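**Q** Please find one structure pasted underneath; my questions will follow.
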Amino acid sequence: MTKRKERLVLQDLLGSNKKIANEIREKLIQQGILTANLLSSPGAGKTTLLEKLAKELSPAYRLGVIEGDIETQRDAERIRAQGIPAWQITTGGACHLEAKMIGNLFPQIPPDLDFLFIENVGNLVCPASYDLGEKLRLVLLSSPEGDDKPKKYPKAFTTADCLVITKADLIPHLPFDPAKVIQEALELNPQLKIFTISALTGEGIQDLVAFLLQQLQELRSSHA
Amino acid sequence: MHELSIVANLFELLEEQAKEAGAQKITLVKLKVGVLSGVVPELLQTAFDIYKKDTIATEAELIIETVPLRLLCHQCHQETIRDDIVFTCAHCGSTRLEKKEGTELILEKIELEIDD
Ligand SMILES: Nc1nc2c(ncn2[C@@H]2O[C@H](COP(=O)(O)OP(=O)(O)O)[C@@H](O)[C@H]2O)c(=O)[nH]1
Ligand SMILES: [Mg+2]
Ligand SMILES: [Zn+2]
């Protein structure tokens, strides 16, 4: 006799990722490391911003960078050229990083870092669903991508802590209205902190640096 | 297209559940997918149909229930339900809202066949 039976499961399909992410977050916070996950479409300026932050923060602060790409070591090499340790994860086709990939790297990450930056695979959709154990999530949107993007990628903008509008130096040449982006982004996520920067001219970089330092201090004072 | 890796996770859960229940076959899989889950239901369906071949759920039907955003206002304490993604309270306009539903991606229930 074959019986039909209904079974209630109620399990999160991303639950195993979340569990690993929470373990990673806890360990990094305990070590006093501020971790930021950078999301954007390809070419928005993630690596360039990290090169710039390396110049601003190192050697006074110790940085490490995890680079996520489908192929090549190129971005990790760009970061190492700044004298910063970088670990490349090549996903071999996968469109996003997952917490277990960060977990596998964990033994290599020096426990005395101040900042750990994770450059996700260039894609504003898939990476948004995967918690990597970061404390801060930064979504980057470059001015040439257009000012209609936040509502097209709601998951990225609703899960981010900061919106970084990049390539501000190009805004005068483009039909790009930063006020429109900011308004749309705040409708999706009223708590979003917003920075407008240019890695080329240095505009806005100091504000972002000050914010990161303040976040590091907060993390350390609340988990001392 | 991370729907494929999500479906891979789903099948791990399905295998686990079938084993626990001592079932030979899964005939129905029901998911709850929030409008802010970050996945596209149609792509989940496609990925499911590809993945299910030669698994315990080969003949299973997939049902996806879409869950709208349910927001609780911390100002007026009323709820707003929306199908779009705008974080303002429909009653008082406040943006101090807590997401109660709409971000989930859940395997809610399954139907199994068990031989006695
Ligand atoms: N004009 C301008 N170009 C930039 C800026 N930041 C990055 N770029 C250029 O944008 C391109 C992509 O940058 P990259 O950092 O590799 O983007 P990623 O794919 O997000 O890591 C490169 O050619 C950069 O030189 C900026 O602030 N202004
Ligand atoms: Mg890059
Ligand atoms: Zn209200």
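**Q** Does A:ARG62 satisfy the criteria of being within 22 Å of A:PRO107 (Cβ to Cβ), modelled with pLDDT of 95 or more, away from ligand 2 (no atom under 16 Å from the Cβ) and open to solvent by 80 Å² or more (accessible area, probe 1.4 Å)? So that I can check it myself, show each step before the final result.
**A** Details: within 22 Å of A:PRO107 (Cβ to Cβ): yes; modelled with pLDDT of 95 or more: yes; away from ligand 2 (no atom under 16 Å from the Cβ): yes; open to solvent by 80 Å² or more (accessible area, probe 1.4 Å): yes.
In short, yes.
**Q** Another one. Taking the conditions exactly as written (in a loop (DSSP other than H, G, I, E, B) and farther than 14 Å from B:ILE114 by Cα), does B:VAL29 satisfy them or not?
**A** Numbers: in a loop (DSSP other than H, G, I, E, B): no; farther than 14 Å from B:ILE114 by Cα: yes.
So B:VAL29 does not fit the description; no.
**Q** Does segment A:121-148 hold any residues that are more than 18 Å from A:GLN191 (Cα to Cα), more than 16 Å from ligand 2 (Cβ to nearest atom) and away from chain B (no Cβ under 14 Å), and which are they?
**A** A:GLY133, A:SER143, A:GLY146, A:ASP147, A:ASP148 - these are the residues of segment A:121-148 that are more than 18 Å from A:GLN191 (Cα to Cα), more than 16 Å from ligand 2 (Cβ to nearest atom) and away from chain B (no Cβ under 14 Å).
**Q** Still on this structure: How many residues does segment A:154-164 hold that are away from every other protein chain (no Cβ under 14 Å) and open to solvent by 30 Å² or more (accessible area, probe 1.4 Å)?
**A** First pass over segment A:154-164, keeping only residues away from every other protein chain (no Cβ under 14 Å): A:161-164.
Now drop any that are not open to solvent by 30 Å² or more (accessible area, probe 1.4 Å), which leaves A:161.
Summing the residues that are away from every other protein chain (no Cβ under 14 Å) and open to solvent by 30 Å² or more (accessible area, probe 1.4 Å) in segment A:154-164 gives 1.
**Q** Can you tell me which condition A:LEU39 does not meet? The list is (1) more than 14 Å from chain B (Cβ to nearest Cβ); (2) under 14 Å from the mean Cα position of the chain (by Cα), and all the others hold.
**A** (1)
**Q** I've got another one for you. Yes or no: segment A:43-58 includes at least one residue that is touching a helix residue (DSSP H, G or I) at 6+ places or on another chain (Cβ under 6 Å) and not in a helix (DSSP H, G or I).
**A** Within segment A:43-58, not a single residue is touching a helix residue (DSSP H, G or I) at 6+ places or on another chain (Cβ under 6 Å) and not in a helix (DSSP H, G or I).
**Q** I've got another one for you. Give the residue that is farthest from the other protein chains (Cβ to nearest Cβ), with candidates limited to residues of segment A:90-120 that are within 14 Å of ligand 2 (Cβ to nearest atom) and surrounded by fewer than 21 Cβ atoms within 10 Å (Cβ to Cβ). Walk me through how you get there before you give the answer.
**A** Initial filter on segment A:90-120 (within 14 Å of ligand 2 (Cβ to nearest atom)): A:90-91, A:97, A:117-120.
Still in the running and surrounded by fewer than 21 Cβ atoms within 10 Å (Cβ to Cβ): A:90-91.
Working: A:THR90: 16, A:THR91: 10 Å.
Residue satisfying both the conditions and the ranking: A:THR90.
**Q** Here is a follow-up. Does segment A:24-33 contain at least one residue that is crowded, with 16+ Cβ neighbours inside 10 Å and small (Gly, Ala, Ser)?
**A** no
**Q** Given (1) over 22 Å from A:GLU98 (Cα atoms); (2) more than 8 Å from chain A (Cβ to nearest Cβ); (3) surrounded by fewer than 20 Cβ atoms within 10 Å (Cβ to Cβ), identify the lone condition not met by B:ALA57.
**A** (3)
**Q** Here is a follow-up. Within segment A:1-36, which residues are within 14 Å of chain B (Cβ to nearest Cβ) and among the charged types (D, E, K, R)?
**A** Within segment A:1-36, A:LYS3, A:ARG4, A:LYS5, A:GLU6, A:ARG7, A:ASP12, A:LYS18, A:LYS19 qualify.
**Q** Checking A:LYS151 against (1) modelled with pLDDT under 95; (2) within 17 Å of the chain's Cα centre (by Cα); (3) of a type outside the set (Gly, Ala, Ser); (4) open to solvent by 30 Å² or more (accessible area, probe 1.4 Å), which single condition isn't satisfied?
**A** The single condition A:LYS151 does not satisfy is (2).
**Q** Is it true that B:GLY34 is within 13 Å of chain A (Cβ to nearest Cβ), farther than 24 Å from B:LEU112 by Cα, out of contact with any His (no Cβ under 6 Å at 6 or more places or on another chain) and open to solvent by less than 60 Å² (accessible area, probe 1.4 Å)? So that I can check it myself, show each step before the final result.
**A** Details: within 13 Å of chain A (Cβ to nearest Cβ): yes; farther than 24 Å from B:LEU112 by Cα: yes; out of contact with any His (no Cβ under 6 Å at 6 or more places or on another chain): yes; open to solvent by less than 60 Å² (accessible area, probe 1.4 Å): yes.
Taking the combined requirement at face value, the residue satisfies it.
**Q** Further, regarding this structure: Just checking, does segment B:57-67 include any residue being over 22 Å from A:LEU188 (Cβ atoms), at pLDDT below 95 and either of a type in the set (Val, Ile, Thr) or under 14 Å from the mean Cα position of the chain (by Cα) (or both)?
**A** So far as segment B:57-67 goes, no, none of its residues is over 22 Å from A:LEU188 (Cβ atoms), at pLDDT below 95 and either of a type in the set (Val, Ile, Thr) or under 14 Å from the mean Cα position of the chain (by Cα) (or both).
The values are calculated or read from the model by the stated rules, or taken from the named source; none is laboratory data. If you're wondering where the values come from, they're calculated on a predicted model, not measured in any experiment. Here the Cβ is made from the backbone with ideal geometry for all residues, glycine too, and neighbour counts use every protein chain on show. Note: areas computed on protein heavy atoms with side chains; ligands, DNA, RNA excluded. Shrake-Rupley method; radii C 1.70, N 1.55, O 1.52, S 1.80 Å.
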